[in-house]
Amino acid sequence: MQNKSGDISAEAYGIRVEADRLVVYGAIVYDHVVEVTHTGIVAVKHDKNVIDLAAITQVDSSAVSMLLEWARTAASRQQKITFINLPENLASLVELYGVNDLIPFGCTTNPA
């Protein structure tokens, strides 16, 4: 991944499929959120409904928008979606904006 100055960035970001879930990883910030959100919407529309957030390393308020958009997409399709392993930095933003009840959270630790 190249950053704006053309250097190779050590921090990748995005979504990958692992077994029965989607794993969101890296920095989910304003510069990347549109791309990651779109990828997630496509995955949700293909019945990927468990989204693991443990590998997220950095967030800003746009990450909350991403979660809300995925939840809206699932609801509009009458699908259940569950977010697991919410990082503390993202949990703080969700609480700050008062949207806890709008985002369907599952367990907070990696399931065995």
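The values are calculated or read from the model by the stated rules, or taken from the named source; none is laboratory data. The model shown is predicted, which means the values in this text are computed figures rather than measured ones. Note that each Cβ is placed from the backbone with ideal geometry, even for glycine, and that neighbours are counted across all protein chains shown.
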**Asked** Looking at region 24-35, is at least one residue surrounded by fewer than 18 Cβ atoms within 10 Å (Cβ to Cβ) and part of a strand (DSSP E or B)?
**Response** no
**Request:** Take the residues in region 36-50 that are of a type outside the set (S, T, N, Q) and part of a helix (DSSP H, G or I), then tell me which one is farthest from the chain's Cα centre (by Cα).
**Result:** Lys45
**Message:** Given (1) surrounded by 15 or more Cβ atoms within 10 Å (Cβ to Cβ); (2) under 11 Å from the mean Cα position of the chain (by Cα), identify the lone condition not met by Ala74.
**Reply:** (2)
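Considering each of Leu86, Leu67, Leu53, Leu90 in turn, give the residue that is assigned to a helix (DSSP H, G or I), closer than 15 Å to Leu22 by Cα and not small (Gly, Ala, Ser).
Going through Leu86, Leu67, Leu53, Leu90 in turn, just one is assigned to a helix (DSSP H, G or I), closer than 15 Å to Leu22 by Cα and not small (Gly, Ala, Ser): Leu67.
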**Message:** So, Ile56, is that one more than 13 Å from Ile81 (Cβ to Cβ) and modelled with pLDDT of 95 or more or not?
**Reply:** yes
